[in-house]
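Have a look at the structure below, then the notes.
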Amino acid sequence: MKTKYRGFEIDVSREKCLGGWSTLYYSVYTPTGYELVCGFEDSDEKVGNMVKQMKEVVDDYIKNPQNYEEE
């Protein structure tokens with residue numbers, strides 16, 4: 001599921017990995033194209049719940065961008 005939230009692009013999908021089991025993939029891109037977060041997990045988490053979590057990440061990034069800067 002791809003969605004826009006506050007100008008950020010959120011992409012969350014559940015697909016089979018090469019091992020054959022279901023894996024949840026997620027990513028968030030800033031309006032400038034910077035990859036804020038990405039990853040995957042082997043869990044029963046629903047796609048909609050992960051989208052909600054990624055929206056919380058976006059909200060936190062907007063409030064505290066210094067926490068996401070690499071040193």
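Some points to look at:
- For residue 36, the residues 5 or more places off, or on other chains, whose built amide H falls under 5 Å of its own are 28, 29, 30.
- Whole-number percent relative contact order across the chain, with pairs defined as alpha carbons under 8 Å at least 6 apart: 24 percent
- Among the GluC sites (Glu not before Pro) found in the stretch 16-61, those both in a DSSP coil and sparsely packed, with 14 or fewer other Cβ atoms within 10 Å of their Cβ, are 45.
- Sparsely packed trypsin sites (Lys or Arg not before Pro) within the stretch 4-66, loop by DSSP, other Cβ within 10 Å at most 16: 6, 46
- Residue-normalised accessible area of the chain, expressed per residue, 1.4 Å probe, Å²: 71 Å²
- Carbon plus sulfur fraction of accessible area for the chain, probe 1.4 Å, in percent: 49 percent
- Debye intensity ratio I(q)/I(0), log10, the chain, q values 0.14, 0.15, 0.16, 0.21 Å⁻¹ (C-alpha model): -0.44, -0.50, -0.56, -0.87
- Fully extended contour minus Cα-Cα distance, from residue 22 to residue 40, at 0.36 nm per residue: 5.4 nm
- Modelled FRET efficiency - R0 22 Å, residue 3 with residue 60, Cβ distances, 0.05 increments: 0.80
- Restricting the chymotrypsin sites (Phe, Trp or Tyr not before Pro) of the stretch 10-52 to loop positions (DSSP other than H, G, I, E, B) with no more than 16 neighbouring Cβ atoms within 10 Å leaves 21, 34.
- Projecting the alpha carbon convex hull of the stretch 14-55 along each direction and taking the average yields 3.2 nm².
The values are calculated or read from the model by the stated rules, or taken from the named source; none is laboratory data. As the structure is a computational prediction, the values presented were derived from the model and not from experiment. Don't worry about glycine lacking a Cβ; one is built from the backbone with ideal geometry, like all the others, and counts go over all protein chains shown. Note: areas computed on protein heavy atoms with side chains; ligands, DNA, RNA excluded. Shrake-Rupley method; radii C 1.70, N 1.55, O 1.52, S 1.80 Å.
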